[in-house]
Amino acid sequence: MHKIQMVDLQRQYEQIKSEIDKGIEDVIKTSTFINGPAVKEFTENLTIYTGVKHVIPCANGTDALQIALMALGLKPGDEVITPSFTFIATVEVVALLGLTPVFVDVDKDTFTINTASLEQAITDKTKAIIPVHLYGQCSNMDAILTVANKHNIAVIEDNAQSIGGSYINESGSRKTGTMGIVSCISFFPSKNLGAYGDAGVILTNDDTLAHTMQKICNHGSERRYYHEIVGVNSRLDSIQAAVLNVKLKYLDKYCDKRREVAAFYNEVFSSNPHIITPYEPEYSHHVYHQYTMILEGVNRDEVHAELANIGIPSMIYYPVPCHKQEMFKELKAREYSLPNTEYLTARVLSLPIHTELTEEELVFITNGVSEVINKLTHR
Ligand SMILES: *Cc1c(COP(=O)(O)O)cnc(C)c1O
């Protein structure tokens, strides 16, 4: 059996090696490293895949969030609401731009923003909400958009972890990242659609915003050496675009495979009293960027350590909520009371999930998890 990894990109590469190698070679042979045809081709294909009018390539998912906030013209002191239970990038860019992050709690079952707390957190300074589609699960977008529209607040979807997922209601199914005024995607190698380095995009249907974001990505310029606004240098590398162009074709298949892995885990763990398996509400087509369980009545950190001892990797996403991070101590962030966030940071554990896991490996993992929990609860 292969050494089990959280994500096995090497085995995935072996399946698509000839296409990937050709894509990379084309970029090198033509020396079209920056803004080459591969970038254009990928953005066009992603436009078709998402159905969104504008796909703006950039260097990574963190930049995507920063550029979206810059383009919305927010001013220092403006408040931006985010969940505290997320990867730090979501909030870091808010602080970096001199905006004020306002943290809200998540739901214990979906891991996404709690819409009741969202409404309570709104003040006359609130200018944007960043719902995070965490672990591959779409946030409750109808509820979020209703609150946002009522108060005239921009919604920026942090779709870094959930490309391929969707939101379902009476009027049908919409892809994650197509519902806010802007949305941000990361192609970090381990994400559901992963490049072989850093990469990202920003999506919007708004022409004016698209235009501004394009300019910001390019040093605030449209015409070379004429700079109208302060921007950044944030480009999607042509080599990464070539890789993404190949992998985009397989994205839906990859998401299906992740769902199969999750279904396997769910089936085995649903009868274990110490494991709460991930919940998939009716409105969400989950794409399991992570398979994250909640452990009850057993010490999560001990399970994590014991699993490592028997060759089963697991990860804690995320051990410290954003509102308790040292970087936010000035914000009096520590006075927040976010019980679900604190409950989850102490109990979540993510298991290996990727597109190449075999049944043999899944059996090995599930047996290992059950044995470790059994051992720790019968001491
Ligand atoms: C990965 C991630 C980001 C940042 O993406 P990078 O490409 O690593 O900059 C932002 N938000 C969330 C929720 C993420 O998981």
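The values are calculated or read from the model by the stated rules, or taken from the named source; none is laboratory data. Just so we're clear, the structure is a prediction, and the values are computed from it rather than from any experiment. Glycine also receives a Cβ, built like all others from the backbone with ideal geometry; neighbour counts cover every protein chain displayed. Protein only, heavy atoms only, side chains kept; ligands, DNA and RNA dropped before computing areas. Shrake-Rupley method; radii C 1.70, N 1.55, O 1.52, S 1.80 Å.
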Inset, instruction - Can you tell me which residue within the stretch 1-44, out of those that are open to solvent by 40 Å² or more (accessible area, probe 1.4 Å) and of a type in the set (Lys, Arg), is farthest from LYS257 (Cα to Cα)? - result: LYS29
Legend entry - Matching residues in the stretch 173-192 - criterion: being more than 8 Å from the ligand (Cβ to nearest atom) and not in a strand (DSSP E or B): THR176, GLY177, THR178, MET179, GLY180, ILE181, PRO189, SER190, ASN192
Inset, instruction - Would you confirm whether any residue within the stretch 187-200 is surrounded by fewer than 17 Cβ atoms within 10 Å (Cβ to Cβ) and either within 13 Å of the chain's Cα centre (by Cα) or over 28 Å from ILE353 (Cα atoms) (or both)? - result: yes
Legend entry - Residue list for the stretch 354-379, restricted to those being within 24 Å of ASN192 (Cβ to Cβ) and touching an Asp or Glu at 6+ places or on another chain (Cβ under 7 Å): HIS354, GLU356
Inset, instruction - Can you confirm whether the stretch 256-268 contains a residue that is within 16 Å of the ligand (Cβ to nearest atom) and either in a helix (DSSP H, G or I) or in contact with a Gly (Cβ under 7 Å, 6 or more places away or on another chain) (or both)? - result: yes
Legend entry - Scope the stretch 250-265; condition open to solvent by less than 40 Å² (accessible area, probe 1.4 Å) and farther than 15 Å from LEU193 by Cα; matching residues: VAL261, ALA262, TYR265
Legend entry - Tally of residues being buried (at least 17 other Cβ atoms within 10 Å of the Cβ) and not in a helix (DSSP H, G or I) across the stretch 328-363: 12
Legend entry - Checklist (1) closer than 22 Å to GLU92 by Cα; (2) touching a Pro at 6+ places or on another chain (Cβ under 8 Å) applied to SER186, failing item: (2)
Inset, instruction - Within the stretch 276-295, identify whether any single residue is part of a helix (DSSP H, G or I) and at pLDDT 95 or above, and answer yes or no. - result: no
Legend entry - Residues of the stretch 66-76 classified as buried (at least 23 other Cβ atoms within 10 Å of the Cβ) and either β-branched (Val, Ile, Thr) or farther than 10 Å from LEU97 by Cβ (or both), total: 3
Legend entry - Residue identified as surrounded by 23 or more Cβ atoms within 10 Å (Cβ to Cβ) and within 15 Å of the ligand (Cβ to nearest atom) among PRO131, PRO101: PRO131
Inset, instruction - Give the residue, chosen from LEU209, LEU96, LEU203, that is of a type in the set (A, V, I, L, M), farther than 27 Å from ILE353 by Cβ and within 16 Å of the ligand (Cβ to nearest atom). - result: LEU96
Inset, instruction - State yes or no: is ILE56 of a type in the set (A, V, I, L, M), within 12 Å of the ligand (Cβ to nearest atom), under 17 Å from LEU209 (Cβ atoms) and out of contact with any Lys or Arg (no Cβ under 7 Å at 6 or more places or on another chain)? - result: no
Legend entry - Flag if SER234 is in contact with a His (Cβ under 6 Å, 6 or more places away or on another chain), open to solvent by less than 20 Å² (accessible area, probe 1.4 Å) and of a type in the set (Ser, Thr, Tyr): no
